[in-house]
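Q: Structure below; questions to follow.
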Amino acid sequence: MLSSIILKPVKAIFGNRPGRGFLIAGTIIVLAVVIMAIFAPFIAPYNPTAISSDTFSPPCWKHIMGTNRLGQDVFSRIVWGSRIILYVVLVATAFSMVLGIPVGLVSGYYGGKLDRVLSTVMDSIYAFPALILAIVIAVVLGPSPMNAAVAIAFVYVPTYFRMIRGQTLSLKGQLFVEAAKAIGARDREIMLKYILPNLIPTILVVFSLSVADAILTEAGLSFLGLSVTPPTPDWGYDLRVGQAFFLDGYWWLVFFPGLMIMLLAMAFALIGEALSERTSTSAR
Amino acid sequence: MPEMLEVRNLKTYFPVRVGILDSLRGKKYFVKAVDGISFSIDRGEIFGLIGESGCGKTTAGRSVLRLVEPTGGEVIFDGVDVLKLGKEELRRIRRRMQIIFQDPYASLSPRMKIGEAIAHPLIIHGIADRREAREIALRMLKRVGLTPEEEYYDRYPNQLSGGQRQRVAIARAMALKPDFVVADEAVSMIDVSMRASILELLEEFRRDYRLSMLFITHDIAVARLIADRTAVMYLGKIVELGKTRRLIDNPIHPYTKALVNAAPSITRRERREKVKLRGEVPNAVNPPKGCRLSNRCPFATDICRTKEPELREVESGHFVACHLA
Ligand SMILES: Nc1ncnc2c1ncn2[C@@H]1O[C@H](COP(=O)(O)OP(=O)(O)OP(=O)(O)O)[C@@H](O)[C@H]1O
Ligand SMILES: [Mg+2]
């Protein structure tokens with residue numbers, strides 16, 4: 001997964017035992033971005049789309065992250081841009097969960113022909129590189145945040161499907177499922193009341209890791225102009241526009257959006273990593 | 001006493017994974033875990049099923065309840081052949097046929113409050129609505145000695161000891177007021193100090209509900225304590241069946257004799273004939289020809305090695321499958 005590229009150096013610093021520190025650090029960053037998104041009008045000092053004559057100003061007291069070629073305040077754009085990325089990624093992830101979890105559960109529980117067909121389809125989607133697949137879908141659907149969300153959602157359905165199906169397969173063989181059958185529970189009740197609650201730790205882990213990944217994918221899509229239309233503030237889009245001026249020495253146009261994307265993706269990856277560590281050690 | 005359950009010629013075979021070569025040749029092998037057993041249990045009777053590890057006791061219990069699909073035979077429960085029921089009919093009859101598993105650490109969902117675990121079967125079968133089910137579950141918790149019951153209701157299994165979990169499993173099975181229960185080594189994984197009280201609990205339920213029970217155990221002393229009649233299993237077959245006391249105090253089949261010999265707590269009479277078997281239990285894929293004990297039995301003759309003995313009534317109500325009996 002893309003997010004592991006980011007996680008590797010972090011692990012090198014923290015050591016290989018992700019724990020409370022990871023969870024706390026990740027949660028703080030995520031909360032900070034969420035607060036930024038919710039209170040954007042109060043936090044951003046300027047209108048993020050307002051053009052001014054003060055172009056390419058380096059970071060200073062007036063513009064703590066500088067301004068871009070149109071004289072827009074980079075910090076204000078970062079603050080407002082958090083809304084787009086969170087919106088796209090969370091809508092996308094909600095879609096993938098709503099599809100991937102029930103289908104994985106049913107497929108793993110019943111097995112048989114349906115399971116074989118579904119697994120083959122999901123595996124072939126999974127085999128594609130996430131970003132490339134998302135790009136293809138987004139190109140077909142046309143550029144808009146909603147379409148970007150749909151593209152990302154589609155890409156991550158197999159991730160949920162595979163994890164949930166695998167876990168269901170192993171839970172299905174557990175004695176408490178046989179006990180549920182013995183008390184006369186229907187298949188639906190066995191899946192919803194006995195298997196699903198035991199899948200929650202897995203779901204949380206997959207959620208955090210796939211959100212981390214989806215953030216990078218979203219940034220990639222908007223970097224290619226497949227998400228928002230200008231002048232809407234967006235981290236990936238700003239990164240693309242900024243990189244054209246990087247060699248001219250206007251580093252802040254790339255640095256701040258890039259940093260935010262990395263931080264947010266890393267935060268979710270840290271949470272996911274810590275959770276997966278916990279659930280694997282607490283399992284008896 | 002009227003019969004609650006009658007099992008006729010029940011067989012359960014499991015396919016064995018074979019190598020590529022054998023599977024290309026179309027060869028199939030089976031573990032004959034249960035290979036044609038017959039017995040009946042009266043209303044209110046505790047029927048013991050004893051035998052060494054791997055002889056097919058658990059498989060027999062699961063087959064009777066169709067938690068595993070038997071290969072053949074009949075299981076007549078209160079006049080109905082359970083093996084012929086459709087999915088929905090089977091689900092409904094489960095209200096009257098329950099099971100208590102050996103492993104109380106694995107038989108409860110780790111994410112379900114124990115009170116809900118007891119209440120759920122009542123809701124499933126439409127016996128009670130949510131509120132009533134909660135009331136009944138609380139009463140059952142109290143009944144099995146988990147008090148204060150209000151407090152226990154909201155606990156999760158990992159907050160309980162093995163003995164307490166087994167009490168929850170018993171409460172869950174008994175909340176439905178079943179007519180028949182399979183108790184599969186219900187005390188073998190529980191701390192010795194708790195065993196007697198749990199056996200007593202089962203005995204109480206038997207009395208109050210006129211419950212019939214298939215009581216599976218490898219512990220002869222436990223069977224002697226609780227079972228009215230007992231069957232002895234060896235390699236998927238019943239070798240001896242009779243009144244528990246008579247069977248254990250005067251065993252006829254060489255296998256039963258050896259089993260009783262090996263249980264020191266039972267062997268009080270010094271004059272009893274000592275039987276020692278040779279070797280190990282053979283695997284259930286290729287059982288010996290003739291009598292399955294013939295390769296280990298010190299008394300085996302030619303007929304034992306060629307002809308499989310039938311279960312015969314040698315005294316009234318005492319059945320033995322041995323050519324020499
Ligand atoms: N689901 C299964 N698939 C394949 N083989 C099985 C299965 N369940 C049981 N067996 C085999 O059937 C035989 C009987 O097993 P069973 O669990 O019924 O014995 P048991 O008498 O209950 O033993 P124990 O005292 O260890 O509980 C064993 O050889 C076992 O390996
Ligand atoms: Mg067993």
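The values are calculated or read from the model by the stated rules, or taken from the named source; none is laboratory data. Computed from a predicted model, the values in this text were never measured in an experiment. As a convention, Cβ positions derive from the backbone with ideal geometry for all residues, glycine included, and neighbour counts pool all protein chains shown. For accessibility, only protein heavy atoms count, side chains too; no ligands or nucleic acids. Shrake-Rupley method; radii C 1.70, N 1.55, O 1.52, S 1.80 Å.
Q: Where the second residue is part of a helix (DSSP H, G or I) and the first is facing another protein chain (nearest Cβ under 7 Å) and lies in the range A:171-187, which pairs have Cβ atoms under 6 Å and are six or more apart or on separate chains?
A: Short answer, once both residue conditions are applied: A:ILE183/B:PRO121; A:GLY184/B:ARG91; A:GLY184/B:ILE124; A:ALA185/B:ILE124.
Q: Pairs under 8 Å by beta carbon, first residue in a helix (DSSP H, G or I) in the range B:125-144, partner exposed (fewer than 13 other Cβ atoms within 10 Å of the Cβ), six or more apart or different chains?
A: Hits for this filter: B:LEU138/B:GLU150; B:LEU141/B:THR147.
Q: If you don't mind, another one. Do we find that A:ASP187 is at pLDDT 85 or above and not polar (S, T, N, Q) in this structure?
A: yes
Q: Pairs needed: first member in the range A:106-122, in a helix (DSSP H, G or I); second member anywhere, hydrophobic (A, V, I, L, M, F, W, C) and loosely packed, with under 14 Cβ neighbours inside 10 Å; C-beta distance under 7 Å; at least 6 residues apart or different chains.
A: A:SER107/A:LEU114
Q: Taking the range A:188-215 as the region of interest, how many residues are over 19 Å from A:SER107 (Cβ atoms), in contact with a Ser or Thr (Cβ under 7 Å, 6 or more places away or on another chain) and more than 14 Å from chain B (Cβ to nearest Cβ)?
A: Result for the range A:188-215: 7.
Q: If you don't mind, there's one more thing I want to ask. Could you list all residues from the range B:97-108 that are within 8 Å of another protein chain (Cβ to nearest Cβ) and open to solvent by less than 10 Å² (accessible area, probe 1.4 Å)?
A: B:GLN98, B:SER107, B:LEU108
Q: Regarding the range B:140-152, can at least one residue be identified that is within 14 Å of chain A (Cβ to nearest Cβ), surrounded by 17 or more Cβ atoms within 10 Å (Cβ to Cβ) and closer than 21 Å to A:VAL177 by Cβ?
A: No, the range B:140-152 contains no residue that is within 14 Å of chain A (Cβ to nearest Cβ), surrounded by 17 or more Cβ atoms within 10 Å (Cβ to Cβ) and closer than 21 Å to A:VAL177 by Cβ.
Q: Within the range B:121-128, can one find any residue that is at pLDDT 95 or above, within 15 Å of A:PHE176 (Cα to Cα) and either open to solvent by 40 Å² or more (accessible area, probe 1.4 Å) or out of contact with any Phe, Trp or Tyr (no Cβ under 7 Å at 6 or more places or on another chain) (or both)?
A: yes
Q: Could you check the range B:1-116 for strands (runs of 3 or more DSSP E) lying wholly inside it with 3 or more residues that are away from ligand 1 (no atom under 16 Å from the Cβ) and without any contact (Cβ under 8 Å) to a residue 60 or more places away in the chain?
A: none
Q: I want to confirm something. Restricting to the range B:18-66 and keeping residues that are out of contact with any Gly (no Cβ under 9 Å at 6 or more places or on another chain) and within 12 Å of ligand 2 (Cβ to nearest atom), which single residue is most open to solvent (accessible area, probe 1.4 Å)?
A: B:SER53
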